[in-house]
Amino acid sequence: MLDIYICEDNNTQREFATDYISDYCKKRKLPASVTLATHTPERILSHSNNRSNVALYFLDIDLNTEINGIELARRIRENTRPEQKVFIVFLTSHTELTMMTFQYKIEALDFIPKDRPAEMKTRISECIETALQRMEIGSELKQIQITVNDQILKVNIDEIIFIETTHRRHTLRLHTQNRMLEFNGELKNMEEQLDQKFIRSHKSFLINKDKIVAINKKENTLTMINNSICPLSRNGKKLLI
């Protein structure tokens, strides 16, 4: 699901963008919807801290507040975890400010002028379609396939918190935020399939570094985002540096 956020201080412009995006997504039956449309940067930041879906932000640059659109985009990027995907589009009457986005490393998807409504609609639509395409491609590239009880399952790599061995030979246990799956496999083979954010914290544990919330060097343990405690070996400590 693609969550769409709009931050625009002009009521007319905000309603125009909200109505058009909502209608476009409904007519095209897209897995996307407007989650929040507001004039307040603080509300956008509050939502950005708690979201779980892929997000597309349409931000006005001049918001007539202490936080302008470029600063808002910078903070959104700053608050985004590595496993999350974010797309940012600027709706602006100040095209001369676009170079500032490179200075702040915003990585904007597009800059859409607000003075041409017809072109604005076309480019908003293109941004939504592009975000959905990249979201789909990303999910296809970041999956592993496992067999659980004769059923083949695909698991998004970014959802994996850790994988551990079990007392049963050649049996692994995979943990995500919402489920635990046991399947046949070897930890070494799983390590080869996963990316660099996965490390062997212990000979029996393969953990996602992005899912660590606390490191206890005295107890040699890691606390993960699902409150699981994983052991940390001497070699594991070196990999975390």
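The single condition among (1) more than 24 Å from Glu129 (Cβ to Cβ); (2) aliphatic (A, V, I, L, M); (3) in contact (Cβ under 8 Å) with a residue 60 or more places away in the chain that Leu63 does not meet is (3).
Regarding Gln145, is this residue under 24 Å from Ile4 (Cβ atoms) and without any contact (Cβ under 8 Å) to a residue 40 or more places away in the chain? When the stated conditions are applied, Gln145 does not pass them. Mind listing whichever residues of region 43-91 are touching a strand residue (DSSP E or B) at 6+ places or on another chain (Cβ under 7 Å), among the aliphatic types (A, V, I, L, M) and not in a helix (DSSP H, G or I)? Correct list: Val54, Ala55, Leu56, Leu59, Ile61, Leu63, Val86, Ile88, Val89, Leu91.
Test Asp3 against the criterion of being among the acidic types (Asp, Glu) and either over 19 Å from Glu71 (Cα atoms) or in contact with a helix residue (DSSP H, G or I) (Cβ under 7 Å, 6 or more places away or on another chain) (or both), and give yes or no. So Asp3 fits the description; yes. Condition (residue is more than 30 Å from Tyr20 (Cβ to Cβ), within 19 Å of the chain's Cα centre (by Cα), among the acidic types (Asp, Glu) and part of a helix (DSSP H, G or I)) applied to region 178-192: is it met by at least one residue? No; the residues of region 178-192 include none that is more than 30 Å from Tyr20 (Cβ to Cβ), within 19 Å of the chain's Cα centre (by Cα), among the acidic types (Asp, Glu) and part of a helix (DSSP H, G or I). I'm checking my understanding of the structure. Among residues of region 161-176 that are outside any strand (DSSP E or B) and touching a helix residue (DSSP H, G or I) at 6+ places or on another chain (Cβ under 7 Å), which one is nearest to Cys230 (Cα to Cα)? The selected residue is Ile161.
Within the set Lys121, Lys218, the sole residue that is outside the structural domain of Lys85 (by TED's automatic domain parsing), modelled with pLDDT of 90 or more and not in a strand (DSSP E or B) turns out to be Lys218. Only residues that are assigned to a helix (DSSP H, G or I), out of contact with any Leu (no Cβ under 6 Å at 6 or more places or on another chain) and not polar (S, T, N, Q) were counted across region 19-42, and they come to 9.
When you look at Glu96, is it modelled with pLDDT under 85 and closer than 29 Å to Asn208 by Cβ, yes or no?
Details: modelled with pLDDT under 85: yes; closer than 29 Å to Asn208 by Cβ: no.
It is false that Glu96 is modelled with pLDDT under 85 and closer than 29 Å to Asn208 by Cβ.
Does region 152-180 hold any residues that are β-branched (Val, Ile, Thr) and either in contact (Cβ under 8 Å) with a residue 12 or more places away in the chain or within 22 Å of Lys85 (Cβ to Cβ) (or both), and which are they?
Of all residues in region 152-180, those β-branched (Val, Ile, Thr) come to 152, 155, 157, 160-161, 163, 165-166, 171, 176.
Scanning region 152-180 gives Val155, Ile157, Ile160, Ile161, Ile163, Thr165, Thr166, Thr171, Thr176.
With respect to (1) touching a residue at least 12 places away in the same chain (Cβ under 8 Å); (2) more than 19 Å from the chain's Cα centre (by Cα), the lone exception for Lys27 is condition (1). When region 177-217 is filtered for residues that are over 20 Å from Ser233 (Cβ atoms) and touching a strand residue (DSSP E or B) at 6+ places or on another chain (Cβ under 7 Å), the ones remaining, listed by number, are Met180, Leu181, Glu182, Phe183, Asn184, Gly185, Gln193.
The values are calculated or read from the model by the stated rules, or taken from the named source; none is laboratory data. This structure is a prediction, so every number in the text was calculated from the model and none was measured. Ideal geometry is used to build each Cβ from the backbone, glycine not excepted, and the neighbour counts take in all protein chains shown.
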